[in-house]
Amino acid sequence: MLIKPENKRIEAVYPAQQDSRKKCLSAVETDGLDFDGDGGMFRAQTALYAAALAMSAADKTMLQENLTELGYDKIVFLAYDGDNIDKTGLALALKEDKSGTTAAVVTRPTVGKEWYSNFDVGYGTEHLGFLRAAEYAEQRLTDYLYVRQPKHMIRFLVTGYSRGGAVANILAKRLCDRYGLDAVRGYTFGAPNTCASVKGARYGSIFNLVRDEDFFTRIPLAGWGYTKYGRTISLSDCADIGKRYRILTGEEYIGFSDGKAAEGFLCAAMRLAPNIHAYYERKYPVGGHELALYDYMLTVAQLLADEADESTGDIMMGAMVSDFADLSDFLMSGMDIGALLSPAQGIPRCSVADSHSPAAYMAALDMYLG
C-alpha cells in the first residue's frame with residue numbers, strides 16, 4: 001500500500017537491496033513527467049519520477065503499484081517470470097491525458113542467466129547482450145502499441161536501472177530516431193556503457209545518472225571506445241551518502257566513498273585486455289586453466305547467477321594469485337569469502353554491490369537534487 005500525501009505526491013516504494021522485503025520510500029510528484037519545452041533539459045522532477053519506476057522494477061508487485069499510483073493503466077509485464085540471456089524483463093503501460101498519450105517503458109535489472117549477457121560485449125558498435133535485449137523490448141513495444149492504438153500523440157518515458165538502464169539507453173535512442181528527441185524522455189540509473197558511437201551525444205533527451213564509485217557504469221571500457229547514448233550526469237559530486245543510506249536502509253553503507261577503487265579495476269582490466277579482441281582471446285594462466293578476461297567475467301557471472309559449482313570456486317580462488325588478482329581483490333572488497341563459496345548463502349553484500357545498489361543511487365539522487 002502506498003502512502004498518498006497531499007499536493008499530488010506519492011511515496012513510491014522500491015527494494016533497498018537485492019532482498020525486496022527491505023523496502024524504501026521516495027516522494028514523487030504524480031505530474032512530475034514534463035514533455036513541455038526542450039527535451040534536452042534535465043528536469044529534477046522527471047528524474048525522481050523515472051527513478052521511482054526504475055528502482056522498483058526488480059519487483060513486479062512494487063512496480064505495478066507505482067505505475068498505477070502514477071496514473072498508468074493497461075499495464076503489461078513481459079519476460080518477468082524467468083531469465084533469458086537474450087531478453088529483458090519489461091513493463092509497458094499507458095497514461096492518457098489532455099496533452100496526449102504517454103507510454104512508460106520500464107526495464108528490469110539483471111536476474112539469473114542475464115549476467116552472462118551483461119559481459120558479452122561483442123564486436124559491433126553496440127554492446128551485443130544489451131542490443132539483443134533492446135531489440136526484444138522494441139518489438140514488444142511495437143506490438144503493444146499496435147494492439148492498443150493510442151488515440152493521441154504518443155510520447156515515451158523510457159527508464160531502467162543497471163542492466164535495465166543499459167537496455168533502456170539503446171531503446172530510447174531507437175525511439176528518438178523514430179519519433180524525434182522531443183517525444184522521448186530517457187532516464188537511466190547505474191547503466192553500463194552501451195555503444196562505441198561518436199554520435200551518441202546528439203541524443204540530448206537521454207540522461208544517464210551514474211556514480212563514479214560504481215564500476216558497472218564504466219564497463220565496457222572507455223579505452224575500447226565505449227560510452228552511452230545521450231548525456232551522462234555524475235551523482236558523485238555530493239557529500240558522503242552514508243547518513244542518507246542509513247536512513248533509507250537501516251544499515252551502514254559499506255560501498256566505496258570515491259571512484260579510486262573503480263579506477264584501479266578499470267586500469268587493471270585495460271592492461272589485461274587493451275581492446276575487444278584481447279578481451280575475448282588473450283589468455284592468462286589461472287591454476288590449471290587458461291582464461292581471457294571474458295572467461296574470467298563469465299566465472300563472475302556464474303556466481304552472480306547463483307550457478308556456481310566446485311570449479312567456479314577453484315577458479316575464483318586461483319584468480320586471487322594470478323594476473324586477475326587486482327580484479328578479484330576489487331570485486332571481493334568488503335565480502336565474506338566464506339559466505340561467497342557457500343551456496344546456501346547466496347551472494348553476500350560487498351563494497352561493489354553497495355556502490356551499485358538502488359539505495360545508494362536514491363541516496364545520491366536525493367542529495368544531488370538537494
Is one or more of the residues making up the range 73-89 on the phi > 0 side of the Ramachandran plot, modelled with pLDDT of 90 or more and of a type in the set (Lys, Arg)? yes
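So that you can scan it fast, the table gives a plain yes or no per residue for (1) in the same structural domain as MET62 (by TED's automatic domain parsing); (2) touching an Asp or Glu at 6+ places or on another chain (Cβ under 7 Å); (3) assigned to a loop (DSSP other than H, G, I, E, B):
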residue	(1), (2), (3)
ALA104	yes, no, no
VAL111	yes, yes, yes
ASP120	yes, no, yes
TYR136	yes, yes, no
GLN139	yes, no, no
HIS152	yes, yes, yes
VAL158	yes, no, no
ALA172	yes, no, no
Quick test for you: out of GLY100, GLY32, pick the one residue that is on the phi > 0 side of the Ramachandran plot and either surrounded by fewer than 19 Cβ atoms within 10 Å (Cβ to Cβ) or not assigned by TED's automatic domain parsing to the domain that holds ASP306 (or both). GLY100
With the first residue restricted to the range 99-124 and required to be at pLDDT 95 or above and of a type in the set (Lys, Arg), and the second required to be surrounded by fewer than 20 Cβ atoms within 10 Å (Cβ to Cβ) and outside any loop (DSSP other than H, G, I, E, B), Cβ contacts under 6 Å at 6 or more apart or on different chains are none
Long-range neighbours under 7 Å by Cβ, at least six apart or interchain, first residue farther than 14 Å from ASP314 by Cβ within the range 287-299, second of a type outside the set (Asp, Glu) and assigned to a helix (DSSP H, G or I): ALA292/TYR279; ALA292/TYR280; LEU293/ALA269; LEU293/LEU272; LEU293/TYR279; TYR294/TYR279; TYR294/TYR280; LEU298/TYR116
Return yes or no: is ALA196 within 23 Å of ASP38 (Cβ to Cβ), among the hydrophobic types (A, V, I, L, M, F, W, C) and surrounded by fewer than 24 Cβ atoms within 10 Å (Cβ to Cβ)? no
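Quick check on my filter: what residues within the range 141-165 are of a type outside the set (Val, Ile, Thr) and free of Cβ contacts under 8 Å to residues at least 60 places away in the same chain?
Filtering the range 141-165 for residues of a type outside the set (Val, Ile, Thr) gives 141, 143-146, 148-153, 155-157, 160-165.
Once the filter is applied, which keeps residues that are of a type outside the set (Val, Ile, Thr) and free of Cβ contacts under 8 Å to residues at least 60 places away in the same chain, the range 141-165 yields LEU141, ASP143, LEU145, TYR146, GLN149, PRO150, LYS151, HIS152, MET153, PHE156.
Condition check ((1) of a type outside the set (Asp, Glu); (2) surrounded by 16 or more Cβ atoms within 10 Å (Cβ to Cβ); (3) outside the structural domain of PRO358 (by TED's automatic domain parsing)) across all residues:
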position: ALA201; (1), (2), (3): yes, no, no
position: ARG211; (1), (2), (3): yes, yes, no
position: ARG231; (1), (2), (3): yes, yes, no
position: TYR245; (1), (2), (3): yes, yes, no
position: LEU266; (1), (2), (3): yes, yes, yes
position: ALA269; (1), (2), (3): yes, yes, yes
position: ALA278; (1), (2), (3): yes, yes, yes
position: LEU293; (1), (2), (3): yes, yes, yes
position: THR299; (1), (2), (3): yes, yes, yes
Tell me yes or no: at least one residue of the range 59-71 is in a loop (DSSP other than H, G, I, E, B), modelled with pLDDT under 95 and farther than 29 Å from ALA301 by Cα. yes
What number goes with the only condition from (1) of a type in the set (Ser, Thr, Tyr); (2) surrounded by 24 or more Cβ atoms within 10 Å (Cβ to Cβ); (3) more than 21 Å from LEU48 (Cβ to Cβ) that THR142 does not pass? (2)
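The values are calculated or read from the model by the stated rules, or taken from the named source; none is laboratory data. The structure displayed is predicted, hence computed values, not measured ones. When we count neighbours, we look across all protein chains shown, and the Cβ atoms used for this are built from the backbone with ideal geometry, even at glycine.
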